[in-house]
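Asks: This is the structure I have questions about; it appears just below.
The values are calculated or read from the model by the stated rules, or taken from the named source; none is laboratory data. The shown structure was predicted, so the numbers you read here are calculated from the model rather than taken from an experiment. Ideal geometry is used to build each Cβ from the backbone, glycine not excepted, and the neighbour counts take in all protein chains shown. Only protein heavy atoms, including side chains, enter the accessible area calculation; ligands, DNA and RNA are left aside. Shrake-Rupley method; radii C 1.70, N 1.55, O 1.52, S 1.80 Å.
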Amino acid sequence: MKILLTGAGGFLGKQITRSLLMAGQNDLRLHFRSRAPAGLIESLQKEFPQARLETAGANLIARGSFDAMLEGVDCVIHAAAGMKGAAADMFANTVMGSRNVFEACGRVGTKRIVLISSFAVYKTDAMKPGDTLGEHTPIEPVGVDKGPYGYAKTRQEHMFLDFARQYGFETVILRPGVIYGPGGGALSPRVGLKAMGLFASLGNGALLPLTYVENCADAVARAAVHAPSGSAFAVVDDQIPTCRQYLDGYLKNVQKMRVVTLPFGAFLWVSDKLVAYNKKSKGQMPAVFTPYVVKSMYTPIRYSNDGLKKIGWTQRVPTPEGLSRTYAWLKAQLPPR
């Protein structure tokens, strides 16, 4: 099977390539916005000499300009997306770029598309403490209340299924939680926020839905080949820590910070006041956290990866090892004192 991976130069994309090769998928076409990172292809080719690795450069925003990239491809793993920047940029890179990919797949007759989505699409605001989020949890109908990234990913998913109905290609969706590891971010907003020289600890006792980047990539590779069409998976590791446990590990192993703990109830009250002031100021003071967002992100719920285990995925890197590697890498990035 020939597989095209979009976003192959990204934090997750680079690991998906390795996971596919480790799983015996040796016919890969790797998409980069311009060119592959220096030394990446050479390193992979040395490690996997039997692999046939092709590269393709394309700006996915340029509609209709990359049909040739899809020629001869049996399966597309679409991992490219806008992760940061202004809301308009995030929407363009995630939604408009995906639309162009799906349209092109329909034109050339691609058989199967695997979409890398996000936990951000899940409708969790009504979940109660102790409830379990898994592959059967519904997604947001619109997602605009989840912020720019959540809205873009929700719109992307609904559009994906619309195109699948139109063109008849097989669909598989993976929704990772917080992807972490060397090369990734330090502190998820689920853990808290840094402002004015302080770190506000927000998640506290709520579980942090971590997935180590290599484990997440393994899940993508496994699902791409073995999952039945129409599948959707929550991607989260076993034995995940609470937000406070992750923060304590960061404080011990990476750097010290002045921490202020904001309990869930107090945070919910503050978010309600932010919304009220946003209305009073006629939008001049943005309501960064609304009660909807707070309930969606910080209610202490449980997480299931049973769907992935049913198709044979297992966690390759144990959580303690993943955390140790991540803290060590983050510490090495700090400027010398």
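Asks: Which value in Å does the Kirkwood hydrodynamic radius of the stretch 180-240 take, with 1/r averaged over all unlike C-alpha pairs and then inverted?
Replies: One decimal place: 13.8 Å for the Kirkwood radius.
Asks: Excluding residues on the same chain fewer than 8 positions from residue 282, give the aspartates and glutamates whose Cα lies under 16 Å from its Cα.
Replies: Qualifying aspartates and glutamates at Cα under 16 Å: 272.
Asks: Any idea of the accessible area per residue across the chain, 1.4 Å probe, to the nearest Å²?
Replies: Accessible area per residue: 47 Å².
Asks: Moving to a separate point now. Can you tally the net charge around residue 134? Count Lys and Arg as +1, Asp and Glu as -1, for every other residue whose Cβ sits under 12 Å from the Cβ of residue 134.
Replies: Neighbour charge sum, excluding residue 134 itself: +1.
Asks: Could I ask something else about it? Relative to the longest principal axis of the chain, what angle (0 to 90°, nearest 10) does the C-alpha long axis of helix 264-280 take?
Replies: Computed tilt is about 90 degrees.
Asks: Can you tell which of 165, 155, 244 shows the greatest fluctuation in a Gaussian network model of the chain with Cα springs below 10 Å?
Replies: 165
Asks: Hey, another quick one. Sorted by accessible area (1.4 Å probe), largest first, how do 42, 214 line up?
Replies: Most to least solvent-accessible, the answer reads 42, 214.
Asks: About its Cα centre, what dipole magnitude does the chain give when the only charges are +1 on Lys and Arg Cβ and -1 on Asp and Glu Cβ, stated in debye to the nearest 20?
Replies: Dipole size: approximately 960 debye.
Asks: What order do 271, 65 take when sorted by accessible area (1.4 Å probe), most exposed first? Let's see the in-between values first.
Replies: Working: 271 0, 65 80 Å².
Largest to smallest exposure gives the sequence 65, 271.
Asks: Further, regarding this structure: State the extension gain, in nm to one decimal, for the chain segment bounded by residue 103 and residue 251, taking 0.36 nm per residue of separation less the distance between their alpha-carbons.
Replies: Full extension from residue 103 to residue 251 adds 48.6 nm.
Asks: Quick check: the distance between the Cα centres of the stretch 96-127 and the stretch 264-337, to the nearest angstrom?
Replies: If you average the Cα positions of each part, the centres end up 23 Å apart.
Asks: What accessible area, in Å² to the nearest ten, does a 1.4 Å probe give for residue 226?
Replies: Accessible surface of residue 226 is approximately 100 Å².
Asks: Roughly speaking, to the nearest percent, how much of the stretch 150-256's 1.4 Å accessible area is carbon and sulfur? Intermediate results must be reported in sequence, preceding the final value.
Replies: On the way: 1980 of 3880 Å².
Roughly 51 percent of what the probe reaches on the stretch 150-256 is carbon or sulfur.
Asks: As a test of reading the structure, rank 121, 225 by solvent-accessible area (1.4 Å probe, protein chains only), most first.
Replies: Accessible-area ranking of 121, 225, largest first: 225, 121.
Asks: Another one. Averaging sequence separations of C-alpha pairs under 8 Å and six or more residues apart, then dividing by the length of the chain, give the relative contact order as a whole percent. Kindly include the intermediate steps, with their values, before the conclusion.
Replies: Numbers: 616 pairs, mean separation 60.9, N = 337.
Computed over the chain, the figure is 18 percent.
Asks: Round to the nearest 10 and give me the degree value, 0 to 90, for the angle of helix 213-226's Cα axis relative to the longest principal axis of the chain.
Replies: Helix 213-226 sits at roughly 40 degrees to that axis.
Asks: Another question, then. Note the angle between two axes, namely the Cα long axis of helix 147-167 and the longest principal axis of the Cα atoms of the chain, as a number of degrees from 0 to 90, rounded to the nearest 10.
Replies: Helix 147-167 and the main axis of the chain meet at about 30 degrees.
Asks: Given the pairs 2/309; 256/280; 14/279; 153/252; 146/310, which span a C-alpha to C-alpha distance of over 32 angstrom in this model?
Replies: Values: 2/309 25 Å; 256/280 38 Å; 14/279 44 Å; 153/252 34 Å; 146/310 30 Å.
Flagged as over cut-off: 256/280; 14/279; 153/252.
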